[in-house]
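Structure record follows, encoded as C-alpha cells.
What follows draws every value from the coordinates through simple rules; no lab data is involved. Computed from a prediction, not measured in an experiment: that's the story for all the values here. Heads up, the Cβs are rebuilt from the backbone with ideal geometry, glycines too, and the neighbour counts pull from every protein chain shown.
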Amino acid sequence: MSARRCYRHLDRPFVVFLGLGPLDLFAILAGGAVLMILTNPVIGLLGGIALGMAVRHFKEGKPKGYVFYLLYRSGLIGFAPEALRPPWLVPPPPLGGERVLRFSAVPGEADDESAEAKFFCGPAKFLKR
C-alpha cells in the first residue's frame, strides 16, 4: 500500500480567501459597504480594497488576538462599547500616555471607593470586618 499525503489539517485556522478568515472578510465587506453608503461606490470599493490590504498586513503571520492587543496597547479599545470588550479587562492606557496606577499601602475605606477598586470588584459586594 502506498503512503498518501493528507491535505487536511485540523490544527490550521479556518481560512476562506487570501489567508483571511470569515470574520475578517465580513469586517472588510461591512467597511466597504459603509463607505459606499456614506460616499460613492468608487470610493467605497477602493476603501474596501485598502481595508482588506490593511487587515491582511496586520494579521499575516501574527498569533490570534494580535489585533486586539494592538487596539488595547494604543488605548483605542477604551472607545469600544462595554458589550464588545471582554469582562474584567484591565483599564487600557490613555491615548498617547502611560497609565499609572497608585495603590495605598494600607487598605481602607478610601481605597474601596476608588475608581480602580470599583472597576475590579464590579458589582460584587464584600463583607466588611
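For residue 59 and residue 18 in one chain, what is 0.36 nm times their gap in residues minus the Cα-Cα distance, to one decimal in nm? Could the numbers behind the result be given before it?
Numbers: separation 41, 0.36 × 41 = 14.76 nm, distance 1.14 nm.
That pair, residue 59 and residue 18, stretches by 13.6 nm at full extension.
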## Note on the structure
Rounded to one decimal in nm, the spacing of the 7 Å Cα→Cβ label points at residue 38 and residue 66 is 2.7 nm
#### Entry: Peptide ranges 76-87, 21-32, 61-72 listed from the most packed, as the mean C-beta count within 10 angstrom indicates
21-32, 61-72, 76-87
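Would you kindly state how much longer the chain becomes between residue 29 and residue 83 on full extension, computed as 0.36 nm times their sequence separation minus their alpha carbon distance, in nm to one decimal?
On the way: separation 54, 0.36 × 54 = 19.44 nm, distance 2.23 nm.
Taking residue 29 through residue 83 to full extension adds about 17.2 nm, to one decimal.
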### Message
Based on the alpha-carbon set only, what is the convex hull volume of segment 24-100 divided per residue, in Å³?
### Response
125 Å³
